[in-house]
Amino acid sequence: MNHATNSQRGGQRTLDLKLSASGVESLEFIATELHPRAEQLFAGAWSACYATVFGKVAALKKITLPPDYSVDIQPSIGSAGKAYCLAAEFTVRVPGMATEVVEELVQLAHQTCPYSKSVHGNIEVKTDIVTA
């Protein structure tokens, strides 16, 4: 189920979406533009799925994540000749965890997440890891 509300942030109307995923109560896609572009909606759904999978692969590895871990995806559209192409920049924040542990979880989550698997090899994906 998806849940959407309108809100005001900084005098600008925005859209807040609450997304659900299997085994997770809800994930929030907060303060996007009132009329989001398709790539923003895709990135919102992808980040909700990926954040859920990230938590699940951590649990399978018996790694306890901090409650404030998060995944942000910044989509962009570029072009190659006359064709348009998508790119995505992930920021995975896991405060207090060793970078190499997060890197392993990031790779496992990309191998498991249905969105990541569906775009693998089709779009450029960059991942930044923040542990501070």
Check: Can we say T64 is under 11 Å from the mean Cα position of the chain (by Cα) and over 15 Å from V130 (Cβ atoms)?
Finding: no
Notebook entry, point to check: of a type in the set (K, R), on the phi < 0 side of the Ramachandran plot and assigned to a helix (DSSP H, G or I): does that describe K117?
Noted result: yes
Note to self: Can you say whether A51 is surrounded by fewer than 18 Cβ atoms within 10 Å (Cβ to Cβ) and at pLDDT 85 or above, as far as the supplied structure shows?
What the structure shows: no
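Residue by residue, here is whether (1) free of Cβ contacts under 8 Å to residues at least 12 places away in the same chain; (2) in contact with an Asp or Glu (Cβ under 8 Å, 6 or more places away or on another chain); (3) not acidic (D, E) holds:
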position	(1), (2), (3)
C49	no, no, yes
V53	no, no, yes
V57	no, no, yes
T64	yes, no, yes
Q74	no, yes, yes
V94	no, no, yes
V101	no, no, yes
Next item on the list: Taking the residues in region 54-70 that are at pLDDT 90 or above and in contact with a strand residue (DSSP E or B) (Cβ under 8 Å, 6 or more places away or on another chain) as candidates, determine which candidate is farthest from E89 (Cα to Cα).
Entry: G55
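So for region 70-90 (the condition being within 14 Å of the chain's Cα centre (by Cα) and more than 23 Å from A38 (Cα to Cα)), does at least one residue qualify?
No - not one qualifying residue is present in region 70-90.
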Next item on the list: For Q111, state whether it is in contact with a helix residue (DSSP H, G or I) (Cβ under 8 Å, 6 or more places away or on another chain), modelled with pLDDT of 85 or more, not acidic (D, E) and not in a strand (DSSP E or B).
Entry: yes
Item checked: region 89-130 - residue that is exposed (fewer than 15 other Cβ atoms within 10 Å of the Cβ) and of a type in the set (S, T, Y) and, of those, nearest to Y69 (Cα to Cα) -> T99
Margin query: Within region 103-121, take every residue that is in contact (Cβ under 8 Å) with a residue 24 or more places away in the chain and polar (S, T, N, Q) and give me the one that is farthest from L86 (Cα to Cα).
Written below: T112
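The values are calculated or read from the model by the stated rules, or taken from the named source; none is laboratory data. Computed from a predicted model, the values in this text were never measured in an experiment. With ideal geometry, Cβ positions are generated from the backbone for all residues, glycine too; neighbour counts draw on all protein chains shown.
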